[in-house]
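To start, the structure under review is shown below, and the notes come after it.
A short reminder: the numbers here are calculations on the coordinates, not readings from a lab. The model shown is predicted, which means the values in this text are computed figures rather than measured ones.
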Amino acid sequence: MTSPRRRRFVIAGSIAAVVLVASVATGAIVSSAIAADSLNAASTRASALLERAEGEFRAADSLLEKSHDTLDESDGRVLDDAPRAAFADLVDTADEARVAARAELDALDAAVRAAGSTAALDFGATDRARAEELARAGVPETDRFTAASALLEGPRADITLAVAAWTEEQERIVRDRYVNTVWASGWYPELDACKGSVDLTARYDGVPTIAEHWSCGGREFPQEPGTLITLTGEHSGTYRVEGIQVILNQATATTDDIPRGFDLVYQTCQNGQSSSMSMTGLTRVGDAVTVESLAGL
């Protein structure tokens, strides 16, 4: 039988244990509550940071996409390609920054979503760790992307102006372009009519050839290789002059001597002399004379 004194010690020990447990529980609750409040505050701050950064990302991304469009649309449509090449380098840099920024924002979004208070009996340790993580959160990659994108605005405007200048120059070239009208198919009667070039293909065994007398327009026909000209009427289109391929003597030459391998050949007697009949090669490069047809030529 336990003595009264012994029972008092047991009862006192039990009470102390209960008090200790209650104290620990109270401490855990208080500590967890403080950690939860800290986490909530850090989460609120991080959410606001994420919202701001996402807005800045969208604006920067929009400018980057427009810059890509400008770069594509300006290909072959600027008088000086050096500024466009420099602009392309800036676009590449912004593309790389965009990838890092998107990864950064996705990671921050995941951290914010995981910031809910935990029921773990760890005196708020998990919440405190998450709160500290969110408190340290920043968006340096997004800031870098925003800065890289901002650098595109001025050069993009310059490229747009450069395209406008190119277009104006091409329109001038089109206005000033040499134009020759192939007004008929035939032979000497049509040539002597002096109304423009005459298609002699049927006379030259199917070799596509047009001709003019020197005095009727032959002296004005461009001979410089690379020159673009316009033909209207028969064989209409845009042609590149390939230069004089051969000089023939009308008295001795035959159709076998006409140069082959061209879309068209232009014939005229240099200085009106039948002994120096020039044959100029022409390559067809377009259906019509427009600014669009000049891009890439």
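Name the residues whose placed amide hydrogens come within less than 5 Å of the amide hydrogen of VAL246, ignoring near sequence neighbours (fewer than 5 apart) on the same chain.
MET279
Let's test this: bin the Cα-Cα distances of the stretch 145-210 at 5 Å from zero up to the farthest pair and state each bin's percent.
Going out from 0 Å in 5 Å bins, the stretch 145-210 shows 4, 14, 12, 10, 8, 8, 7, 7, 6, 6, 6, 5, 5, 2, 1 percent.
Report Rg (one decimal) and Dmax (nearest whole number) for the stretch 179-295, counting Cα atoms only, units Å.
In Å, with Rg to one decimal and Dmax whole: 13.4, 44.
Taking H placed 1.01 Å from N in the peptide plane, check which residues at least 5 places from SER185 or on another chain put their amide H under 5 Å from its amide H.
Sorted by chain and number, the residues that satisfy this are ASP199.
Taking 10 °C and 1.306 mPa s as the conditions, I'd like the Stokes-Einstein D for the stretch 41-191 in µm²/s, using the Kirkwood hydrodynamic radius from alpha carbon pairs.
In µm²/s, the coefficient is 81.
Suppose we take every Cα in the stretch 196-252 and form the convex hull; what volume per residue is that in Å³?
Cα-based convex hull of the stretch 196-252, divided per residue, equals 104 Å³.
So if each residue of separation counts as 0.36 nm, and I subtract the Cα-Cα distance between ARG172 and ASP256, what length gain in nm does that give?
Using 0.36 nm per residue and subtracting the Cα-Cα distance, I get 26.2 nm.
Could you tell me how far the Cα centroid of the stretch 135-151 sits from the Cα centroid of the stretch 234-265, in Å?
The distance from the Cα centre of the stretch 234-265 to that of the stretch 135-151 comes to 64 Å.
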